[in-house]
1. Give all pairs with beta carbons closer than 6 Å in which a residue from the stretch 46-60 that is modelled with pLDDT of 95 or more meets a residue that is open to solvent by 50 Å² or more (accessible area, probe 1.4 Å); count only pairs at least 6 apart in sequence or on separate chains.
2. Please state which of the following conditions VAL369 fails to meet, knowing it meets all the rest: (1) over 22 Å from the mean Cα position of the chain (by Cα); (2) within 16 Å of the ligand (Cβ to nearest atom); (3) buried (at least 21 other Cβ atoms within 10 Å of the Cβ).
3. Tell me, which residue of the stretch 470-491 that is within 15 Å of the ligand (Cβ to nearest atom) and closer than 18 Å to GLY450 by Cα is surrounded by the most Cβ atoms within 10 Å (Cβ to Cβ)?
4. Collect the residues in the stretch 388-410 that are near the ligand (Cβ under 7 Å from one of its atoms) and either among the polar types (S, T, N, Q) or free of Cβ contacts under 8 Å to residues at least 60 places away in the same chain (or both), keeping them in residue-number order.
5. Could you check the stretch 323-347 and list, in sequence order, the residues that are open to solvent by less than 20 Å² (accessible area, probe 1.4 Å), out of contact with any helix residue (DSSP H, G or I) (no Cβ under 7 Å at 6 or more places or on another chain) and assigned to a loop (DSSP other than H, G, I, E, B)?
6. If ASP303 satisfies all but one of (1) open to solvent by 10 Å² or more (accessible area, probe 1.4 Å); (2) more than 16 Å from the ligand (Cβ to nearest atom); (3) out of contact with any Leu (no Cβ under 9 Å at 6 or more places or on another chain); (4) part of a loop (DSSP other than H, G, I, E, B), what's the number of the condition it fails?
7. Quick check on the stretch 372-387: of everything there that is of a type in the set (A, V, I, L, M) and touching a residue at least 60 places away in the same chain (Cβ under 8 Å), which residue is most open to solvent (accessible area, probe 1.4 Å)?
Amino acid sequence: MSDTNVRPVPGDFASEAHIDNETYHEMYRCSIEEPEVFWAEQAKKFIDWESPWSEINTFDFMTGEASWFTDGKLNVTVNCIDRHLATKGDQTAIIWEGDDPEESAYITYNELSEQVNKLANVLKSRGVKRGDRVCIYMPMIQEAVYAMLATARIGAVHSVVFGGFSPDALKDRILDSDCQVVITSDEGLRGGKKVPLKANADAALRHCPNVHTCIVVERTRGLVEWNEKRDVWYHEAIAEAKDYCPPEHMDAEDPLFILYTSGSTGKPKGVLHTTAGYLLQAAMTHKYVFDYKEGDVYWCTADVGWVTGHSYIVYGPLCNGAITLIFEGVPTYPDASRFWQVVEKHKVNIFYTAPTAIRSLMGAGDEFVTNTDRSSLRLLGTVGEPINPEAWEWYYKVVGEERCPIVDTWWQTETGAHMLTPLPGAIDMKPGCATVPFFGVQPVLLDTDGKEIEGPGEGNLAIKASWPSQIRGVYGDMGRYQETYFSAFKGYYFTGDGARRDEDGHYWITGRVDDVLNVSGHRMGTAEVESALVLHPKVAEAAVVGCPHDIKGQGIYAYVTLMSGEEPSDELRKELISICVKEIGPIAKPDYIHWAPGLPKTRSGKIMRRILRKIAANELENLGDTSTLADPSVVDDLIENRLIR
Ligand code: WT7
C-alpha cells in the first residue's frame, strides 16, 4: 500500500502547539536513551509529590513486574483537586451536559473539592479503608466523577462497571474483586429512556452477601426498592458529612483502580492500575496529544465505565486543571445534531470520540453538522478501533472544516494511556494511521517466531519495555496476567493487535489477532458470547466470530448448533439474543445467528475459527487448507447458508 495520502499539520497549528516536530524527536530520544532524566523531569512537572521517589523504574518483562517512581508518595486527588484551588477554585472543572438539551451544569474546582471530600467522609463512615474495593455503577453524571475521586482520596480502589452491563455482569465483577460498597443511581437517562440502575444493582446484590453499603444518587426520582440496612441516599449522607477529608498518602505503586476488560478466554479480567505512573502518563498525554491549553473546553464522549473515561474524562484533564465536559446522553438524541449542538453551546475546543460514532453520524447526513457553529473546535481525536479513511475524511472536512488536526490514538485498557498517536503540532497525519509512539513507548513488530521485524513490514504488535501507565496485574490472578500478556512472546508485552509499519516507520493498526471482538469500540471476548449462548438448553454448541459491519466496525456473527431434535425458529433466535443481553448486556446482541448443523473441526476437535471468520465475512476465495477437517462437507453447508453475501 502506498502512503501518499499524507496530511500536513494544518495552518498555524504547529507554531502554536506545545510540541513541534523537532521537539518530539528530541523528547522521544531522551525518553528512551536517558529515561532517568526524562521521567524525573516530567514527574516533577506534572505531579505534586508528598515525598520523592527513590528509583524511577524497574521492570522485568519475563514476568511482567514493573515499578515506577518507587517509594514516591502522593495522592491522586491532591493532584486533581487541592493543588488547583488556590488559583482555579472558581474555574469550572466539569461541564455536565444532560441527556435533555435543556439540562446542564457547571461545577467549579471548589465545588468538586467539597463534593469529593464529603463523599470521602461518607465512605469512611461506612468503614471503607485504604485498599478496600468500591464498585461504581453509574450513569454519566458528575457524581460518577465524585465517586471515583472520593474513593481515591481515602486510598480505596474503585472498580467502575459500565452502566450498560447487566445485573449478572455486575455481580461477577463485584464478586471477583470482593467490593463491599456499591455506588449507583436510581436510574440513568439515555436518549430519553430510563435505565434501571438501582434495580439492576438490587438484582446483582442478591448474590453478593459481602456488600454492606449501597449509596444511591437521586437522578430521575424513579421508584426504587429500598433495603434499610444496606441502602443510603447519596444526598442525605452528604448533607451530614464534613467538607474536608485528609488525603491518604499513597505509595506510587498502590492500586488506584481495577477495570474489567475482555480477553480471548474465560471471564473478563480485572486490569489493575496503580497510582503515580498511571496519573503521570494520563496527564502528559492529555496535555501533549490534545495540545491542551489553559482555559480550553475539552470533551471526551466516552463513558466513565471504560478506560477512556477514566484517563481522559477524569484523571488526565483534572490533573492538568482542565475543563472537562461530561455528557449523559447519546449522539443521536434528540437528533443526529446533538454532538455539534453541544460543541456550539459550550464552545468546545477539543473533541475526542470513537470511529463508530463518526460513521453513524456520517450516515445521517451533513446538514446535521453544518447547521451548527463549530468554529470553537481546534482539535479532533479518535479512539477505539482503526478509523476507515472515508470516516476520517468526513470528520476532517465536514466536522473540522479542514482546520483541526485529528489525533488517532491507539491504546488499550491495559496500557492506561495513549501509546501510539500523532502529536498534533509535530507529526503529519495519515488517515487511518496511529503513526508514532508516545514518549517512552517502544513498539516492535514480531513475526510468528517472536523475532523482531526490522523496517517496513507487518506483524504482531508488542512493546519492548515498561511505560509508566502499564497494567500491573490481573486482580487476584497474577498467573493469568503473565499468561495473557507476557507468555506469547518472551520478554515482551503482547498487545493482541496486529500492525503494519510503513516506509516512514509509522504504525497502522490492523486489528486484533486474537479472539477478541471490537464492536462499536467495545471489547468483547468471543468466548463470553459463546458461554452465554450455550446456557440455552436447546443449544449444543456455539462459535462466535466478528464480521464486517458498516457502523459498528465489527458485528457479532454466531454459529449455533442445536441439540438433536430441536428446530431453529424466530422465537429461539429472540431467546438467544436475550440470553446474551442478560448475561453480558445489550452490546453483546448477536447481529447474525447462523443455524449450523455442524461446525468445522480438526480431527482433534478444535473449532477452525479461521474458516468461520472467512465465511462470516463472505470471503470465500481462499478458505485455506480444509483437508485437516474431520468432516470437510460441513464447510459447504455453512457457505451455502451464509448470512452475509
Ligand atoms: C483495543 C483496546 C483504549 C481505549 C478504547 C478501547 C483497539 C483502540 C485504536 C486505534 C486501532 C484501536 C485495539 C486495542 N483500538 N484504539 N486508534 N486504532 N485500533 O480500549 O477496550 O481496551 O480496547 O481497541 O484493537 O487492542 P479497549
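The values are calculated or read from the model by the stated rules, or taken from the named source; none is laboratory data. No experiment lies behind these values; they were computed from the predicted model shown. So basically every Cβ, Gly included, is an ideal-geometry build from the backbone, and we count neighbours across all protein chains shown. Quick note on the areas: whole protein, heavy atoms, side chains included, nothing else; ligands and nucleic acids left out. Shrake-Rupley method; radii C 1.70, N 1.55, O 1.52, S 1.80 Å.
1. Close Cβ pairs (under 6 Å, with a partner that is open to solvent by 50 Å² or more (accessible area, probe 1.4 Å)) amount to ASP48/ARG83; GLU50/LYS73; GLU50/HIS249; SER51/LYS73; TRP53/ASP71; SER54/ASP71; ILE56/GLU36.
2. Result: VAL369 passes all but (2).
3. Looking at the filtered set, the residue picked out is TYR485.
4. If we filter the stretch 388-410 for residues that are near the ligand (Cβ under 7 Å from one of its atoms), which is where we start, we get 408-410.
Passing the criteria: ASP408, THR409.
5. Listed by number, the list holds a single entry, GLU328.
6. With respect to (1) open to solvent by 10 Å² or more (accessible area, probe 1.4 Å); (2) more than 16 Å from the ligand (Cβ to nearest atom); (3) out of contact with any Leu (no Cβ under 9 Å at 6 or more places or on another chain); (4) part of a loop (DSSP other than H, G, I, E, B), ASP303 is out only on (2).
7. Of the residues in the stretch 372-387, the ones of a type in the set (A, V, I, L, M) are 377, 379-380, 383, 387.
Subset that is touching a residue at least 60 places away in the same chain (Cβ under 8 Å): 379, 383.
Working: LEU379: 0, VAL383: 19 Å².
For the stretch 372-387, the residue satisfying everything is VAL383.
One line per residue, one yes/no per condition, for (1) in contact with a Cys (Cβ under 9 Å, 6 or more places away or on another chain); (2) crowded, with 24+ Cβ neighbours inside 10 Å:
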| residue | (1), (2) |
| --- | --- |
| LEU119 | yes, yes |
| ARG126 | no, no |
| LYS129 | no, no |
| VAL134 | yes, yes |
| THR151 | no, yes |
| ALA156 | no, yes |
| ASP168 | no, no |
